[in-house]
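The structure under discussion appears below in the form of structure tokens.
The values are calculated or read from the model by the stated rules, or taken from the named source; none is laboratory data. Being a predicted model, the structure only gives us computed values, none of them experimental. FYI the Cβ positions are ideal-geometry reconstructions off the backbone, even for glycines, and counts take in every protein chain you see.
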């Protein structure tokens with residue numbers, strides 16, 4: 001599927017789908033959400049906005065220079081009059097966003113002038129709109145680095161109460177007829193390189209919330225390691241065991257430390273850790289660091305043919321989601337729908 005796929009082709013294909021992502025899109029459509037797309041000068045983003053409208057999934061606000069956005073809409077055979085376009089340089093919201101941002105960040109040295117400059121940046125304008133309730137979610141990152149998307153989220157939304165760190169998960173959807181019939185959530189696969197023990201607990205809590213919002217049931221969390229229940233002695237294995245204990249103390253169904261095969265394969269779980277509530281049945285895989293999480297999701301995606309949806313930004317007070325810069329228009333549509341479902345206001 002090429003990045004330049006026409007919106008009409010994407011719409012037709014998505015209408016025919018019946019698997020999990022189709023079900024999630026249908027649930028998202030029920031919210032009638034307004035979603036800001038700050039990268040409105042990117043052709044994939046504009047194609048995604050057209051699909052969102054055609055399938056009645058959400059109302060998209062395209063941020064970008066009006067002429068450029070209208071030209072891209074025209075290339076999709078869409079009527080620009082049917083879309084909301086917000087020019088980041090000429091609008092009435094930036095001043096309000098700037099004032100709110102200044103009040104939030106003045107103690108950290110941000111001046112009024114700097115606040116106004118940021119408020120005219122598409123990412124900050126979009127994040128400010130979500131924080132003020134002018135939009136239900138923001139999705140960006142097809143053009144912008146992850147660090148800039150998260151920075152805008154932290155500046156305008158901040159962390160959700162009780163969460164210590166922003167993290168990123170991937171919803172991994174198995175291909176048709178795969179032996180694993182359930183989706184998995186991988187975390188953290190996108191943001192924190194070397195999380196502390198406390199940060200891993202926070203990432204685990206955020207991941208449980210993400211899974212519950214998307215799949216409407218409580219997940220089983222496997223805290224992964226190269227060791228299972230003390231089969232190897234090492235500080236990193238002990239760390240994951242303590243993380244599992246901390247999550248269980250919060251009422252989460254968790255176990256660790258667990259090797260990957262023990263987490264997913266019932267026959268291995270019976271041999272290595274019989275009696276575990278998680279082993280052989282894990283839904284959320286909590287990785288010890290970003291190296292493991294990022295490599296694992298890409299291996300699963302590229303060699304296992306799983307569909308990887310994300311990164312799903314976790315831990316912010318409001319849904320401000322990131323994209324891979326290699327994202328297709330279809331990826332953007334799916335991420336918008338997951339952002340809507342994960343929204344704090346829903």
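Out of 310, 275, 280, report the one residue that is on the phi > 0 side of the Ramachandran plot, surrounded by fewer than 21 Cβ atoms within 10 Å (Cβ to Cβ) and outside the structural domain of residue 125 (by TED's automatic domain parsing).
Values: 310 fails: surrounded by fewer than 21 Cβ atoms within 10 Å (Cβ to Cβ); 280 fails: surrounded by fewer than 21 Cβ atoms within 10 Å (Cβ to Cβ).
Answer to the selection: 275.
Return a yes/no flag: does the stretch 219-242 have any residue that is at pLDDT 95 or above and under 17 Å from residue 312 (Cβ atoms).
There is at least one residue in the stretch 219-242 that is at pLDDT 95 or above and under 17 Å from residue 312 (Cβ atoms).
Please verify whether residue 256 is buried (at least 22 other Cβ atoms within 10 Å of the Cβ), free of Cβ contacts under 8 Å to residues at least 40 places away in the same chain and either in a loop (DSSP other than H, G, I, E, B) or touching a helix residue (DSSP H, G or I) at 6+ places or on another chain (Cβ under 7 Å) (or both), treating the condition exactly as stated.
Spelling it out, residue 256 is indeed buried (at least 22 other Cβ atoms within 10 Å of the Cβ), free of Cβ contacts under 8 Å to residues at least 40 places away in the same chain and either in a loop (DSSP other than H, G, I, E, B) or touching a helix residue (DSSP H, G or I) at 6+ places or on another chain (Cβ under 7 Å) (or both).
Can you give me the number of residues within the stretch 40-81 that are in a loop (DSSP other than H, G, I, E, B) and surrounded by fewer than 24 Cβ atoms within 10 Å (Cβ to Cβ)?
So the answer is 9.
Quick one: would you say residue 288 is more than 29 Å from residue 14 (Cβ to Cβ) and buried (at least 22 other Cβ atoms within 10 Å of the Cβ)? Full working, then the answer.
Working: more than 29 Å from residue 14 (Cβ to Cβ): yes; buried (at least 22 other Cβ atoms within 10 Å of the Cβ): yes.
Criteria met by residue 288.
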